[in-house]
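Visitor: What follows is a single structure, and I will ask about it in a moment.
The values are calculated or read from the model by the stated rules, or taken from the named source; none is laboratory data. None of the values given here were measured: they were computed from a predicted structure. Glycine also receives a Cβ, built like all others from the backbone with ideal geometry; neighbour counts cover every protein chain displayed. Calculation scope for accessible area: heavy atoms of the full protein, side chains included, ligands and nucleic acids excluded. Shrake-Rupley method; radii C 1.70, N 1.55, O 1.52, S 1.80 Å.
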Amino acid sequence: MAKITFYGFESYEKKLRDLSANIEQIEGEAIYLAAKEVADEVKAGIHWLNAGSLSGKETPEETERREKQRQGLLESFGISPMEEENGFKNVKLGFDGYNSVRTPKYPNGQPNVMVARIFNSGTSFSSKQPFFDNAIRLTRNKAKKIMKETIEGAIEEKMKE
């Protein structure tokens, strides 16, 4: 009967234990790096938003209002803290707070979420400019690749130690 002897299992087992102890941190880093990639594309899309109306007959006051709305989107956009739900870890990209455009209906400023929806989806008085949808579509595969490479790189590094 043949006999096989393996050496080094103890060190391999220790590396695996160390890796499992750090997996949450590695996952979090990968998720945030991917979210940052998408967020950067969303911000680039906000910069390119057209501040004009459908009619093309916008007054200087309307142009200034649209510019304030766009600035409010840039300032309020961010990535939420990570949450775990049903075994999945998630971060959300979105808009918070109010911009500086005060109206009788919104005396504290317009909600940035509403303004983003108006720009992204369009209305009867504003053209559709799907900056958010386009950013997601453009970066989806790149974000997946970033997560995969981050996790694989961290595993490889831990196993070399």
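Visitor: Within the set of other residues whose C-beta is less than 13 Å from the C-beta of residue 91, count the net charge using Lys and Arg as +1 and Asp and Glu as -1. List each step's numbers first, then the result.
Guide: Working: positive: 36, 89, 92; negative: 27, 29, 37, 83, 84, 85.
In short, -3.
Visitor: So, taking all protein chains as they sit and a 1.4 Å probe, how much accessible area belongs to residue 27, in Å² rounded to tens?
Guide: Here the residue's solvent-accessible area equals roughly 60 Å².
Visitor: If DNA, RNA and ligands are ignored and the probe is 1.4 Å, what is the ranking of 106, 7, 12, 32 by accessible area, most exposed first?
Guide: Values: 106 55, 7 195, 12 115, 32 85 Å².
Sorted descending by solvent-accessible area, the residues read 7, 12, 32, 106.
Visitor: Follow-up. Lysine pairs in the range 31-102 with Cα distance under 20 Å, only those 8 or more apart or on different chains: how many are there? Intermediate values should be presented prior to the final figure.
Guide: On the way: 36/89; 36/92; 43/68; 43/92; 57/68.
Value for the range 31-102: 5.
Visitor: With every protein chain left in place, what is the accessible area of residue 156 in Å² (1.4 Å probe, nearest 10)?
Guide: 110 Å²
Visitor: Using only helices, what value at 222 nm comes out for the chain when you add -39,500 (n - 2.57) per DSSP H run of length 4 or more and divide by the total residues, to the nearest 500 deg cm²/dmol? Can you show the working numbers first?
Guide: Details: 4 runs with 96 residues, N = 161.
Calculated from helices alone, the mean residue ellipticity at 222 nm is -21000 deg cm²/dmol.
Visitor: Also: What is the sum of charges around residue 42, taking Lys and Arg as +1, Asp and Glu as -1, for the other residues whose C-beta is under 15 Å from the C-beta of residue 42?
Guide: Net of charged neighbours comes to +2.
Visitor: If you don't mind, there's one more thing I want to ask. Computed FRET efficiency, Cβ-Cβ of residue 75 and residue 118, R0 22 Å: what is it to the nearest 0.05?
Guide: Numbers: r = 17 Å, r/R0 = 0.77.
Rounded to the nearest 0.05, the efficiency is 0.85.
Visitor: Separate question: Hull surface divided by four, with the convex hull built on the Cα atoms of the chain: how many nm²? Before the final figure, lay out the partial values.
Guide: Working: hull surface 57.9 nm².
The Cα convex hull of the chain, projected and averaged over all directions, gives 14.5 nm².
Visitor: Okay, next question. Of 36, 15, which has the most accessible area and how do the rest follow, probe 1.4 Å? Don't skip to the answer; put the middle values down first.
Guide: Values: 36 105, 15 50 Å².
Largest to smallest exposure gives the sequence 36, 15.
Visitor: Sticking with this one: What accessible area, in Å² to the nearest ten, does a 1.4 Å probe give for residue 124?
Guide: Spelled out: residue 124, probe radius 1.4 Å, area about 110 Å².
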